[in-house]
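Data block below; observations after.
The values are calculated or read from the model by the stated rules, or taken from the named source; none is laboratory data. What you are looking at is a predicted structure, and each value in this text was computed from that prediction instead of being measured. As a convention, Cβ positions derive from the backbone with ideal geometry for all residues, glycine included, and neighbour counts pool all protein chains shown. Note: areas computed on protein heavy atoms with side chains; ligands, DNA, RNA excluded. Shrake-Rupley method; radii C 1.70, N 1.55, O 1.52, S 1.80 Å.
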Amino acid sequence: MKELSRDEDRTRVSKRGNNRKKILMDLAEKEGTPIFVVDHEKIRKNYLEFKERLPNVQIYYAVKANSNPEIVRTLFKMGCSFDVASMPEFMIVHENIKDMPDKERQDWIWDKIIYANTIKPIETLIALDKYNPLVTFDNNEELKKIKKYAPHAGLVLRVQVPNTGSVVELSSKFGANPGEAADLIVIAFDMGLIVEGLSFHVGSQCTNFENYIQALQLSVNIIREVETRTGRKIEILDIGGGFPVKYHPQVKSFKTLAVKLNKEINRLFNNDMQILAEPGRFLIANACTLVAKVIGKSYRDGKPCYYINDGVYHTYSGQVFDHCTYPVLSFKGGETEISAVFGPTCDAFDTITLSAELPMLEINDLVYSENIGAYSHASSTYFNGFPPAKVVHINE
Ligand SMILES: *Cc1c(COP(=O)(O)O)cnc(C)c1O
């Protein structure tokens, strides 16, 4: 292939950008707004990147990041397994994959689903029991419930690990204290339950890669202690989620993390240890774009204010629950001004930004936000009667 000069390369990139914008605008015209556009080509690309950089890790997509059934089906076709957080999520996966051929099934993973919420209602355990799933736990009371209501489950102990520097912290709510972890596993074995593995989660959007290294070290110590005390083997290590997305150029790359992880996993574990990961954000965040419409406009203290038909109670909910910000972008060019962008509900909290750089927009103009696939549409509400954005799939 001919080498492109830098200028040619730039033109090509901007052409691709313009094509993408045209596709989004055409979809908005056809489907109405707001639309949440899911690009399945990007999902497949993310999956393949993860697989390529961590070849010995089986991927369990964390469905809670975005539980759209079409996303589950696309990932399943790639050979993906699933991490679910509730019985309805379990059923979304089960219903969508049960009739699909599973050509890439890896025989060292006996199940396609891990139920990775350490706290399970009794009704859920009863419903789960007939599927013999993998389930996580992190305390004694949960063990008693599992023994009584889902004694056939394969157990995975979730251990608490450092979450320093992760954008969304999880260690205050989940994970057994590392000092008690081996005891808990021994107790489970003594109760006649089957403990298959150990899991951790370093916190979501983890940018401090040392968290993973410390977690791996901590895990190997617990596994060795259990094996020495019981003579039984722990076969699964589940390294959880947290794999960071490049929302900003400053975020260190997944590639760097993968190199570190491979090195440390190879150093600490034999080949027969089955390594699982539960990426959510990494697989879906950059695959989705929101397109919304300006439905109102005013000037407040001299500042242009735009009211659009999606907001913080809807697709922008990640700004509240996920500590994320999604820049609001315009399809139009032109000189920009600092502007406010509000959602459609009757609540001042429904403020997407007070400082967007936007050109002069008019009623019915379209705006969009990129990288909005994770923890966004999934936590959208019906507040004020406005339903979640319509989901539109491309490159399925
Ligand atoms: C939320 C969650 C994940 C996914 O985390 P990401 O940071 O989106 O990769 C994985 N495992 C568990 C147990 C979770 O709670």
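If you go through segment 14-73 one residue at a time, how many are assigned to a helix (DSSP H, G or I), in the same structural domain as K390 (by TED's automatic domain parsing), modelled with pLDDT of 95 or more and small (G, A, S)?
Result for segment 14-73: 1.
Would you point out the residue of segment 123-180, among those that are on the phi > 0 side of the Ramachandran plot and out of contact with any Asp or Glu (no Cβ under 6 Å at 6 or more places or on another chain), that is nearest to the ligand (Cβ to nearest atom)?
Filtering segment 123-180 for residues that are on the phi > 0 side of the Ramachandran plot and out of contact with any Asp or Glu (no Cβ under 6 Å at 6 or more places or on another chain), the one nearest to the ligand (Cβ to nearest atom) comes out as G165.
Yes or no: segment 330-338 includes at least one residue that is closer than 22 Å to Y247 by Cβ, open to solvent by less than 40 Å² (accessible area, probe 1.4 Å) and touching a residue at least 60 places away in the same chain (Cβ under 8 Å). Write out each step before concluding.
The first filter runs over segment 330-338 and keeps only residues closer than 22 Å to Y247 by Cβ, leaving 330-331, 336, 338.
Then keep just the ones that are open to solvent by less than 40 Å² (accessible area, probe 1.4 Å); that gives 330-331.
Restricting the remaining residues to those that are touching a residue at least 60 places away in the same chain (Cβ under 8 Å) gives 331.
The answer is yes, given that some residue of segment 330-338 is closer than 22 Å to Y247 by Cβ, open to solvent by less than 40 Å² (accessible area, probe 1.4 Å) and touching a residue at least 60 places away in the same chain (Cβ under 8 Å).
Mind checking which residues of segment 224-241 are open to solvent by less than 10 Å² (accessible area, probe 1.4 Å) and either free of Cβ contacts under 8 Å to residues at least 40 places away in the same chain or within 16 Å of the ligand (Cβ to nearest atom) (or both)?
Within segment 224-241, the subset open to solvent by less than 10 Å² (accessible area, probe 1.4 Å) is 226, 234, 236-241.
Correct list: I236, L237, D238, I239, G240, G241.
Here are some residues: V57, V37. Which one is over 27 Å from D129 (Cβ atoms) and either more than 16 Å from the ligand (Cβ to nearest atom) or small (G, A, S) (or both)? Break it down into steps so the answer makes sense when it comes.
Values: V57 fails: either more than 16 Å from the ligand (Cβ to nearest atom) or small (G, A, S) (or both).
Being over 27 Å from D129 (Cβ atoms) and either more than 16 Å from the ligand (Cβ to nearest atom) or small (G, A, S) (or both) holds for just one of V57, V37, which is V37.
Test E357 against the criterion of being charged (D, E, K, R) and part of a loop (DSSP other than H, G, I, E, B), and give yes or no.
no
Show the residue pairs meeting these rules: Cβ distance below 6 Å; 6+ apart or different chains; first residue within segment 342-356 and within 14 Å of T381 (Cβ to Cβ); second residue of a type outside the set (F, W, Y) and loosely packed, with under 14 Cβ neighbours inside 10 Å.
Going by the 6 Å Cβ cut-off, there are no qualifying pairs.
Of everything in segment 268-298, what is part of a helix (DSSP H, G or I) and not aliphatic (A, V, I, L, M)? Give them in sequence order.
Within segment 268-298, R281, F282, N286 qualify.
Quick check on segment 290-306: of everything there that is small (G, A, S) and more than 16 Å from C346 (Cβ to Cβ), which residue is most open to solvent (accessible area, probe 1.4 Å)?
G302
Limited to segment 40-63, what total is found for residues that are among the polar types (S, T, N, Q) and farther than 14 Å from G240 by Cα?
2
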